[in-house]
Amino acid sequence: MLNFLKKNAALIWAKKHVQKTEEFKKNAEENQAKLLLSLINRAKKTLFGRTYDFENIKSVEDFQAKVPVADYEDLKPYIEKVKRGQRDILWTETPEYFAKTSGTTSGSKYIPISKEGMPFQVKGAQSALFHYIAKKNNADFVGGKMIFLQGSPELEEVFGIKTGRLSGIVAHHIPNYLQKNRLPSWETNLIDDWETKVDKIVEETEKENMTLISGIPPWLIMYFEKLIEKNGKKIKQIFPNLQLIVTGGVNYEPYREKMEELLGDKVDIVQTFPASEGFFAFQDDYTKEGLLLLTNHGIFYEFIPLEQYGKPDAQRLTLKDIELNKDYALILTTNSGLWAYSIGDVVRFIDKNPHRILVSGRTKHFTSAFGEHVIAFEVEEAVKATVEKLSAQITEFHLAPQVNPEEGLPYHEWFIEFEKEPENLDLFKNELDDQLRKRNTYYDDLISGNILQKLHISTLKKNAFQEYAKSEGKLGGQNKIPRLANDRKIAAILEVYKK
C-alpha cells in the first residue's frame with residue numbers, strides 16, 4: 001500500500017513539475033540576459049567585481065567587453081584567497097563547498113559551490129527523474145532500491161569549507177524520501193579502492209529489488225560484469241524490476257551496444273550533463289536524442305565557435321545567436337562565482353525550441369596533429385556506424401596521431417579493446433576510416449591528398465583500459481579516459497597492452 005501511494009504521489013509531482021518548466025523553456029533567451037545582470041548586481045562589491053568594473057556593466061555586451069574568458073589558471077589566484085578564508089572575493093559569500101577535481105595543468109582544482117548554487121545540483125537530477133516519470137506515465141521504480149555509483153561522501157575541510165568530490169558532496173543532499181531506498185551503504189561508499197568498493201556493492205545489491213541504477217557508463221559496465229560473473233545471469237535476470245539507468249559524464253552512445261548485451265533486456269536510459277561547476281542539462285524525453293539545457297539554474301551561458309576557441313578575437317555568442325549542428329566551447333557564469341569560465345566541454349545544439357544540446361567533445365581532447373581537428377563526437381559517431389554495420393563490439397578506444405612512423409606516411413592510430421572482434425579487421429579498419437572521412441572534411445582531404453595514410457588499428461588485451469586506469473590511479477568515481485589526444489602520452493602507455 002505504501003509503495004502504491006509513493007508511486008501515485010511521484011506521478012502527480014512529476015506532472016506538476018513538468019508543467020512548471022514550460023515557462024523557462026519558452027523564455028530562455030530573455031531570461032538568460034536578466035540572470036546575468038542579476039549576478040553582476042550581486043557581485044559588484046566583490047574583489048572580482050571591483051577589478052572588472054561590475055558597477056558599469058549594464059548589458060551582456062558590456063560584460064563581454066570587460067570580463068575576459070577565463071580558465072581555472074586565470075581564476076586560481078582568486079580561489080586561493082577564498083581557500084585562505086578571505087570573503088567577498090568571487091562571490092558575496094564564502095562557498096558552502098569546494099568540489100575537488102583532478103586538473104591536468106593545475107593539480108587538483110577547487111571549484112566553489114555556493115549555498116544557493118548547491119540546491120541546483122540536486123534539482124537537476126530530480127527534474128530529470130520527474131520528466132522521465134511524466135513522459136513514461138509510470139513511477140514504478142520509486143518503490144524499489146536505487147543505487148548511485150559515486151565517489152566517497154567523506155569530506156575534508158579547507159579553511160572551514162567542506163571539500164570533496166562532487167558525487168560525494170551530493171550524497172549529503174539526497175532527499176529524505178529517497179534515503180530509505182538508497183544503496184550502497186554509507187560504509188561501502190566510503191571505500192576508496194574502486195575494485196574493493198565494486199565487489200562490496202555487488203555483495204550488497206545482488207539480492208535486492210534494484211529498480212534504478214545511476215553512474216557513468218564505464219563503471220556501470222564494470223559493476224554489471226562482476227554481477228554477471230558471480231551470478232551467471234544477465235542483469236535483467238538478476239534485477240527483473242530494473243526500470244531505469246541514469247547516466248552522465250560521457251557520451252552514452254558508444255557504450256549502448258555493450259550495455260544492452262549485459263542487461264539482456266530493455267531498460268530505459270536517461271542521460272544527464274552534471275559537472276562540479278553546475279548541472280547543465282538532462283534528457284527531458286528519454287525516447288529522443290538531445291539534452292534540455294537548464295537556463296534557469298543560476299548559470300549564464302556563452303558559446304564560442306570551436307574553430308575560434310583560444311583566439312583573442314573569438315566571438316562570444318549567447319542563446320539568441322547560436323546555430324544548429326555547430327560545435328561550441330561552453331562558457332559559464334554561475335551563482336557560485338565563476339565568471340566567463342571555460343569549462344572545457346564542447347556542445348552542439350540540435351534544437352532551439354526548447355534548447356537541446358549534445359555534448360560533442362572536450363576543448364582539450366581532440367586530434368589535430370595535421371590540422372584535421374577531429375573531435376569526440378565525430379569519432380564516436382564513426383565508431384557507432386561501423387560497429388552497427390559490421391557487428392563488432394568495442395569496450396573502449398583511444399585515438400592518437402602517429403607523426404613519425406618507421407615507414408610510410410603518418411596516420412591515426414586507434415587503440416581498441418574489442419568485446420567482440422570483427423570477422424575481418426581490415427574491412428573494419430577501412431569502414432571506420434570511411435565513416436570518419438564522411439564526418440570530417442579536413443581528415444578526408446588529408447587522406448585524399450596523400451598527406452596521411454588510412455588509420456591503423458592496434459587491438460588491446462581484455463581489460464586493458466581498466467588496467468591502464470588503475471595504473472594511473474584513475475579507476476572509478478567520475479574519472480574518464482580521454483578518447484582523443486593530440487600527442488602519444490597515453491598511447492605510449494597503452495603499447496604494453498597490445499595483443
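Counting only protein heavy atoms and using a 1.4 Å probe, the accessible area of ARG87 comes to about 150 Å².
Across segment 410-480, Cα-Cα pairs more than 15 Å apart make up 63 percent of the total. Computed from the Kirkwood radius of its Cα pairs, the Stokes-Einstein diffusion coefficient for segment 358-454 at 10 °C and 1.306 mPa s stands at 115 µm²/s.
The stretch between VAL122 and GLU419 holds 103.4 nm of extra length on full extension. This uses 0.36 nm per residue minus the Cα-Cα distance.
According to the calculation over all Cα-Cα pairs in segment 90-229, the P(r) per 5 Å bin from zero is 2, 8, 16, 20, 19, 16, 11, 6, 2, 0, 0 %.
Label zone (TYR442, point 7 Å along Cα-to-C-beta; backbone nitrogen cut-off 19 Å) within segment 321-335: 325-330. Look at the dipole of segment 336-431 built from charges on Cβ: of SER360, LEU425, VAL383, the Cα furthest out on the positive end belongs to SER360. For LYS115, the residues 5 or more places off, or on other chains, whose built amide H falls under 5 Å of its own are GLU96.
Ranking THR101, HIS131, MET146 by how far each Cα lies toward the positive end of the dipole of segment 1-149 (charges on Cβ) leaves MET146 at the top. Normalised by the number of residues in the chain, the average gap of Cα pairs under 8 Å and 6 or more apart makes the relative contact order 13 percent. Over 10 Å intervals from 0, what percent of Cα-Cα pairs in the chain sits in each interval? Here the calculated profile for the chain is 4, 18, 28, 28, 17, 5, 0, 0.
Once R0 is set to 35 Å, what does the formula 1/(1 + (r/R0)^6) return for the Cβ-Cβ distance between ASP285 and ALA314, expressed as a FRET efficiency to the nearest 0.05? Intermediate results must be reported in sequence, preceding the final value.
Values: r = 33 Å, r/R0 = 0.93.
Taking R0 as 35 Å, the efficiency between ASP285 and ALA314 is 0.60.
Remark on segment 198-251: ratio of C-alpha radius of gyration to 2.2 N^0.38 Å is 1.07. Straight Cα distances below 18 angstrom link LYS200 to the aspartates and glutamates GLU154, GLU187, ASP192, GLU208, GLU225, GLU229, with same-chain residues fewer than 8 positions distant left out.
Only Lys, Arg, Asp and Glu count, each charged at its Cβ (+1, +1, -1, -1), so figure out the dipole size of the chain about its Cα centre, rounded to 20 debye. Write out the running numbers ahead of the final one.
Working: 69 positive and 72 negative charges, 354 e Å.
With only Lys, Arg, Asp and Glu charged at Cβ, the dipole is about 1700 debye.
A Förster radius of 30 Å combined with the Cβ-Cβ distance from GLU55 to GLU96 puts the calculated FRET efficiency at roughly 0.65. Phi angles across segment 21-34 convert, under the Karplus curve 6.51 cos²θ - 1.76 cosθ + 1.60 with θ = phi - 60°, into 3J(HN,Hα) values of 7, 4, 5, 5, 5, 7, 10, 4, 5, 5, 5, 4, 5, 5 Hz, Gly and Pro given as x. Note on ASP265 and ASN41: the extension gain reaches 75.4 nm, defined as 0.36 nm multiplied by sequence separation minus the Cα-Cα distance. Computed over segment 313-355, the quotient of the alpha carbon radius of gyration and 2.2 N^0.38 Å is 1.23.
Placing a pseudo-label 7 Å from each Cα along the Cα-to-Cβ vector at ASP62 and LYS461 gives an inter-label distance of 6.3 nm. Identify the GluC sites (Glu not before Pro) of segment 318-393 meeting these criteria: DSSP loop state and at most 12 other C-beta atoms within 10 Å of the C-beta. Of the GluC sites (Glu not before Pro), the ones in loops of segment 318-393 whose Cβ has at most 12 other Cβ atoms within 10 Å are GLU323. In straight-distance terms, cross-link reach from LYS320 covers every one of the lysines whose alpha-carbon lies under 20 Å from its own, apart from those fewer than eight places away in the same chain; here that gives LYS25, LYS26, LYS34, LYS58, LYS352.
Multiplying the residue separation of ASN404 and LYS6 by 0.36 nm and removing their Cα-Cα distance gives an extension gain of 137.0 nm. Extents of segment 10-126, taken as max minus min of Cα coordinates on every principal axis and listed largest first, are 47, 34, 26 Å. In segment 356-499, a dipole from Cβ-located charges (positive for Lys and Arg, negative for Asp and Glu) runs towards its positive end, and of PRO482, TYR497, HIS373 it is PRO482 whose Cα lies farthest in that direction. For segment 377-477, the Cβ-based charge dipole about the Cα centre amounts to some 200 debye (Lys, Arg positive; Asp, Glu negative; other atoms uncharged).
Taking the radius of gyration and the Kirkwood hydrodynamic radius from Cα positions alone, what is the Rg/Rh ratio for segment 227-299, to two decimal places? It would help to have the intermediate numbers written out before the result.
On the way: Rg = 14.8 Å, Rh = 13.9 Å.
Taking Rh as the inverse mean 1/r over Cα pairs, Rg/Rh reads 1.07.
Here VAL69 sits with roughly 50 square angstrom of accessible surface, probe radius 1.4 Å.
VAL387 sits with roughly 10 Å² accessible to a 1.4 Å probe, with DNA, RNA and ligands left out of the calculation. In this structure, the amide hydrogen of LEU183, modeled 1.01 Å from its nitrogen in the peptide plane, lies closer than 5 angstrom to those of MET146, ILE147, PHE148, counting only residues at least 5 positions away or on a different chain. Of all lysines in the structure, those lying under 17 Å Cα to Cα from LYS489, and not within fewer than 8 positions of it along the same chain, are LYS364, LYS470, LYS474, LYS480, LYS498.
Qualifying trypsin sites (Lys or Arg not before Pro) in segment 1-68, where qualification requires a DSSP coil assignment and no more than 13 other C-beta atoms within 10 Å, comprise LYS45, LYS58.
Each listed q (0.12, 0.13, 0.15, 0.24 Å⁻¹) maps to a log10 I(q)/I(0) for segment 147-208 from the Debye sum over equal C-alpha point scatterers, namely -0.31, -0.36, -0.48, -1.03.
The values are calculated or read from the model by the stated rules, or taken from the named source; none is laboratory data. Everything numeric here is computed off the predicted structure, so don't read it as measured data. Virtual Cβ from ideal backbone geometry, glycine too; neighbours counted across all protein chains shown. To get the accessible areas, we keep the full protein, side chains included, count just its heavy atoms, and leave off ligands, DNA and RNA. Shrake-Rupley method; radii C 1.70, N 1.55, O 1.52, S 1.80 Å.
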